[in-house]
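Read through the structure below, which is laid out as structure tokens, and then see the notes.
The values are calculated or read from the model by the stated rules, or taken from the named source; none is laboratory data. The structure presented is a predicted model; accordingly, all values stated were derived computationally and were not measured. Cβ placement follows ideal geometry from the backbone for every residue including glycine, while neighbour counts extend to all protein chains displayed. Note: accessible area is taken over every heavy atom of the protein model, side chains too, but ligands, DNA and RNA are not part of it. Shrake-Rupley method; radii C 1.70, N 1.55, O 1.52, S 1.80 Å.
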Amino acid sequence: MRANTLPNHQKAAPQIRPASKQDVDQIVPLLVQAIGDIAYALAGEADHERAMDILRDYVTQENNRISYQNITVMEQDGQVAGMLVAYAGDDADRLDQPILDRPGRNQDEKYALVKETRPGEYYLDTLSVSESFQGQGIGRALMAAFEQQGKELGHTRAALIVEQDNGRAMQLYERQGYVQDDVILIGGHEYDHMVKTISDL
């Protein structure tokens, strides 16, 4: 009969925390995993390596859409297992300006930044979970953290967009209480703009 043995070390509990500049190398791949070709529009650059370098710069800088200041991460086993980017819709134009003003940015129409959010919303720009950590409820935990952030900041409405052919994500958001109120065209793809009242959470 085998005796029960205790593990040599206990795994650290998952932790949701604000991102830091030091997380950049784990954040950028998760960002690109979630937004796909929009990454090149954000960077204003077609070359993959150059675009990734530009995104890394944005994450480590302040006062832009994908700054570490707007990112929350789920840390598990010493790794960034998931992340979200969120900000107030009222701040969207201000946060996009440094991206639009980057010297050398490609001005081709396909790199135009489409306005995804509106004033009065707390906007979930990006939600991404590492493939090796999927199926563990991390996405739901990050969604809850996002909505709690919005409520604490005094927002009454949360919003996000989801590509219309992404049925899995659509179902997740609908189950969380989000309803579609508009359609936005980005890079030739249609996205549903979805909203949820969070003031009564």
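Report, in debye and to the nearest 20, how large the dipole of the stretch 14-72 comes out about its Cα centre when Lys and Arg carry +1 and Asp and Glu carry -1 on their Cβ.
Numbers: 5 positive and 9 negative charges, 59 e Å.
Charge dipole, the stretch 14-72, about its Cα centre: 280 debye, nearest 20.
For the stretch 1-129, the dipole from Cβ point charges (+1 on Lys and Arg, -1 on Asp and Glu) about the Cα centre works out to 540 debye, to the nearest 20.
Compactness of the chain was expressed as the Cα radius of gyration divided by 2.2 N^0.38 Å, which yields 1.09.
A Förster radius of 35 Å combined with the Cβ-Cβ distance from residue 199 to residue 62 puts the calculated FRET efficiency at roughly 0.75.
With the contact rule set at Cα under 8 Å and sequence spacing of 6 or more, what percent relative contact order holds for the stretch 1-121? Relative contact order, the stretch 1-121: 29 percent. Note: relative contact order over the stretch 145-201, using C-alpha pairs below 8 Å and six or more positions apart, is 43 percent. Our helix-only sum for the chain, with -39,500 (n - 2.57) per DSSP H run of n ≥ 4 divided by its residues, gives a mean residue ellipticity at 222 nm of -9500 deg cm²/dmol. Report the paramagnetic label zone for residue 118: residues of the stretch 158-201 whose backbone N is under 16 Å from a point 7 Å from Cα along the Cα-to-Cβ axis. Within reach of a label on residue 118, which here means backbone N under 16 Å from a point 7 Å along Cα→Cβ, the stretch 158-201 contributes 158-162, 178-185, 191-198. Calculated accessible area for the chain comes out at 55 Å² per residue, all protein chains present (probe 1.4 Å; ligands, DNA, RNA ignored).
I'd like the carbon and sulfur percentage of the solvent accessible area for the chain, probe radius 1.4 Å, heavy atoms only, ligands and nucleic acids excluded. Don't skip to the end; give the middle numbers.
Numbers: 5020 of 10980 Å².
On the chain, the fraction of accessible area on carbon and sulfur atoms equals 46 percent.
When a/c is below 1.5 the answer is rounded, else prolate if a/b is larger than b/c, else oblate, so apply that to the stretch 43-134 with a ≥ b ≥ c taken from the square roots of the Cα gyration tensor eigenvalues. The shape class here is oblate. Gain on full extension, evaluated as 0.36 nm per residue between residue 174 and residue 101 minus their Cα-Cα distance, stands at 22.7 nm. Suppose R0 equals 22 Å; then what is the FRET efficiency for residue 110 and residue 53 from their Cβ-Cβ distance, rounded to the nearest 0.05? For R0 = 22 Å, the calculated efficiency reads 0.65.
Quick one: ranking 152, 75 by accessible area, 1.4 Å probe, largest first, what do you get?
Result, largest first: 152, 75.
Once the Cα-Cα distance is subtracted from the 0.36 nm per residue extended length, the residue 184 to residue 17 segment shows a gain of 57.0 nm.
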